[in-house]
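Let me begin by presenting the structure, written as C-alpha cells, before commenting on it.
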Ligand code: 3HC
C-alpha cells in the first residue's frame, strides 16, 4: 500500500506508554499492535489501522484496537479518539482467512463494545472502504465522517454469513428496519453520498478528513457520547418492512444467510439490544461453519485468484477509450450496452444503414429498459447514447482502439471481416472475436499481425451476464491479453482467461453436462425428472429446458456433420435426433423436449414415447433414477470435464471452472461450483 500514514515508522512506545514522557509539544506515539498505531496530539488520540492490503480486522487489529481504547480511556491526557485507516481502506471487514480456524480472542464484538462504551468520544474517519466488521466498528463509534470516495456495506450474506458484531442491530437504529433489511439482506455496498442520505454517516468531508474528525470529536468532549445501541428503532411502516423482506427472500432462494439476516434485523424493533446481539452472534458462528459459507468463501478467493493471470505480471494494458462493435444483433447490441455502461465511446457497424439504425434502436431499447427498472436514470441513458455512433461502413472504425466482432458465427465471414478490418484500423488496435465455437487461431491466422487478435466471448444477454471468457490465442501478445481483461473488467464483467478449445471452458463443460443428462434419460429418468432435480438443487433451468430455449437445430446439424468421424466406442444418445426428426426444434417451434402451450412450458407424453422407443431400439432396460443420483451425475460430469480442461491447460485452475459455471450458466454461487463440490466429496470420501 503506497499511501501510508505519517505516523507509520515513527518512534513508537508500547501500549503501556513505555518510554520517557515526550516534551509537551511533541505528539505521543504508540504501537498498540503490529497493525494498530496511535498518535496523541493535544489530547486527541488518532488511532490508525494499518493492515495491508485491505486493513482486515485480523486478530492483531482487534488486539491493537482494544489496547488503544483501553489506553485512551485510562490516560488522563487523552480526551477523545479519532479512528481511521491507512491507504484507501478503513477496514475491509473481518479477516476472511481466519474463518477456517477457531475464533481467536479478542473477538470483534468485544472490540466494538469497548468502542461504544468508552466514556470519551470516538469519531470514525472513514477514509475509504468500510465493509462488514469494518462498518460494524464504525457503527459503534459516536459519530462518523466519510471521505467522498468511501464505500460502505454489510456484505456478509455474500459470504453466507450475517454480520457478527452488532451490524444487524445498530444499522436499523440509524436507517430504519426496512432500509437495513434491504442493505444487509442484499449485501449491497453504497457510496458515501447514499450512506449520508440514509443516515449511516453524519457528514462527508471533501478534504482533511482527519482534521475534520478531530474538530468534531473535540466538540463532543464533555458531552455524553451518542451510543448507537441506545437509539430507538424508528417505527417503519410494516408494509414497507414486509416488502423489503419479501424482496430479499425472493432473490435468495435456497440460501440460509439472507433469511437469517432478515429475521435478525426485524428483531431490532422489539427484542432488547443485548439479547438481539447475542442471537446475532450465535447465528453468525453457526453460519460460519455452514456449507453455504464455505462455498461462498471459495467463490470469493477463486475470483481473486482468477485475476492473477500467468505471464501478465507487470504487463500494462493498452489505453482504450473507443470500442468498435461489428454486428449489432442481439449479442452485439448487448455488448454495446456493456461498453457504454463501462464508460467507453462506442462505434457500432452494420452492413446497411437500415440494419445500423435497427441496431441503434435495439441498444436504446436496452438502455430504456434499464431506466424503466430503476437500475439507471434517464440522464445516464442520455449520456450513454451521446457516446454511441453507428455506421454502415467499416471506415467508421479508423480511429478505434479495440474492435469486437459479433457477426454470424461462420469462419469465412469472420476471417474476411478481420482481413478487411486490418486495412482500416490503426496497426496497434486490438481485434477481438466473440466467437462461441470457431477456432480463433484460424481467424488470427488470416491477419498480418495475429498477435493483436484475442477472443472476447460474452454470454447472452451480454449487458447482463457477468462472465466474459478471454481467449488467449496461440499468438496473442501479453499486452493485448491484458487489454482485453482490462476492458472486460471496465464493462463490469468477470474475465476468465482460457486457452483455445472448441467451446472454450463454458460450452465444453455445459456440453458434458447436457450429455450426462441424455445418459440419464436413456437409463430411465424422464427429461422432466432431470430438469426438476437440478432445478431443485439450485440451477434456474435444467439442461432440457435450456436446450429448448436455445433451439435444437444447430446442435443437430453439428451432430450430423460429426457423424462420419464419431468414435464408435463413445456412448451416443440419439433421442435429440429423434426429436428433431419429429419437427421438435424447441421453444421457437412450439415443441421440443417440452410442449409449449400459450408460451407455457409443459411435459409432453409424445416425448416420453419417443424416449421409450429410443431406449427399446437400443435394448436398454430402463430403471427409476432418484433425484440424488441425477444431481450427482450431472455435477460429476461437469467436474470431470473441468478437470480435463485444467489438465490440458485450457483453464488455469479449477476455481476458474466454477466461476464460469456460476457467472455464465446459472450454477448457484452458494453451492460453490462443480469443482468445489467434487473436491469436497473427495475430501469426505473414506481412504481406500
Ligand atoms: N479478509 C482477508 N483478506 C481479504 C479481505 C478480507 N476481508 N478482503 C480482501 N482480502 C484480500 C483478497 O483476498 C486479496 O488478496 P490477494 O491479493 O492475496 O489475492 C486482497 O485482499 C485484495 O483484495 P481485492 O483484490 O478484492 O482488492 P480490491 O481493492 O479490489 O477490493 C475490497 C477491496 C472491497 C475490500 C474487497 O476485497 C472486498 O470486498 N473484500 C471482502 C469484504 C467483505 O466481505 N467483508 C466482510 C467480511 S465478513 C465480516 O466482516 C464478518 C463480521 O460481521 C464479523
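The values are calculated or read from the model by the stated rules, or taken from the named source; none is laboratory data. Keep in mind the model is a prediction, meaning the values are calculated, not measured. In this analysis, Cβ positions are derived from the backbone assuming ideal geometry, glycine residues included, and neighbour counts consider all displayed protein chains.
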Problem set entry | residue 289, sole failed condition from (1) within 21 Å of residue 133 (Cα to Cα); (2) surrounded by 15 or more Cβ atoms within 10 Å (Cβ to Cβ) | (2)
Seminar exercise, completed: Taking the range 337-356 and keeping only residues that are more than 24 Å from residue 498 (Cβ to Cβ) and touching a strand residue (DSSP E or B) at 6+ places or on another chain (Cβ under 6 Å), one is left with 340, 345, 346, 347, 348, 349, 356
For this session: Answer with yes or no whether residue 340 is in the same structural domain as residue 469 (by TED's automatic domain parsing), within 25 Å of the chain's Cα centre (by Cα) and not in a loop (DSSP other than H, G, I, E, B).
Result: yes
Problem set entry | Options 86, 35; residue that is farther than 14 Å from residue 214 by Cβ, within 16 Å of the ligand (Cβ to nearest atom), free of Cβ contacts under 8 Å to residues at least 40 places away in the same chain and touching a strand residue (DSSP E or B) at 6+ places or on another chain (Cβ under 7 Å) | 35
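Name the strands (runs of 3 or more DSSP E) wholly within the range 115-160 that hold at least 2 residues that are away from the ligand (no atom under 13 Å from the Cβ) and buried (at least 24 other Cβ atoms within 10 Å of the Cβ)?
122-126, 143-146
Kindly indicate which of 153, 185, 128 is in contact (Cβ under 8 Å) with a residue 60 or more places away in the chain and either in the same structural domain as residue 48 (by TED's automatic domain parsing) or under 20 Å from residue 83 (Cβ atoms) (or both).
Just a single option satisfies the conditions, and that option is 185.
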Seminar exercise, completed: Going through the range 49-75 in order, the residues found to be near the ligand (Cβ under 9 Å from one of its atoms) and on the phi < 0 side of the Ramachandran plot are 52, 53, 54, 56, 57, 58
For this session: Having 1 or more residues that are at pLDDT 95 or above and closer than 22 Å to residue 224 by Cβ is the bar; report the strands (runs of 3 or more DSSP E) wholly within the range 43-91 that clear it.
Result: 44-49, 80-85
Exercise. Which fully enclosed helices (runs of 4 or more DSSP H) of the range 495-594 have 1 or more residues being assigned by TED's automatic domain parsing to the domain that holds residue 482, under 30 Å from residue 480 (Cβ atoms) and free of Cβ contacts under 8 Å to residues at least 24 places away in the same chain?
Worked result: none
Problem set entry | Among (1) surrounded by fewer than 24 Cβ atoms within 10 Å (Cβ to Cβ); (2) within 16 Å of the ligand (Cβ to nearest atom), the one test that residue 78 misses | (2)
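Every residue, every condition in (1) free of Cβ contacts under 8 Å to residues at least 12 places away in the same chain; (2) surrounded by fewer than 22 Cβ atoms within 10 Å (Cβ to Cβ); (3) farther than 16 Å from residue 304 by Cα, yes or no:
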| site | (1), (2), (3) |
| --- | --- |
| 653 | no, yes, no |
| 657 | no, no, no |
| 672 | no, no, no |
| 681 | yes, yes, yes |
| 685 | yes, yes, yes |
Seminar exercise, completed: Output for Cβ contacts, cut-off 7 Å, separation at least six or different chains, first residue in the same structural domain as residue 557 (by TED's automatic domain parsing) and under 12 Å from residue 453 (Cα atoms) in the range 410-421, second part of a helix (DSSP H, G or I) and modelled with pLDDT under 95, reads none
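From the list 312, 296, which residue is within 15 Å of the ligand (Cβ to nearest atom), farther than 18 Å from residue 490 by Cα, within 24 Å of the chain's Cα centre (by Cα) and not assigned by TED's automatic domain parsing to the domain that holds residue 425?
Going through 312, 296 in turn, just one is within 15 Å of the ligand (Cβ to nearest atom), farther than 18 Å from residue 490 by Cα, within 24 Å of the chain's Cα centre (by Cα) and not assigned by TED's automatic domain parsing to the domain that holds residue 425: 296.
Any residue at all in the range 627-635 that is assigned by TED's automatic domain parsing to the domain that holds residue 552 and farther than 30 Å from residue 504 by Cβ? Give the steps one after another, and end with the answer.
Step one: filter the range 627-635 for residues assigned by TED's automatic domain parsing to the domain that holds residue 552, giving 627-635.
Now narrow it down to the ones that are farther than 30 Å from residue 504 by Cβ: 627-628.
Among the residues of the range 627-635, at least one is assigned by TED's automatic domain parsing to the domain that holds residue 552 and farther than 30 Å from residue 504 by Cβ, which makes the answer yes.
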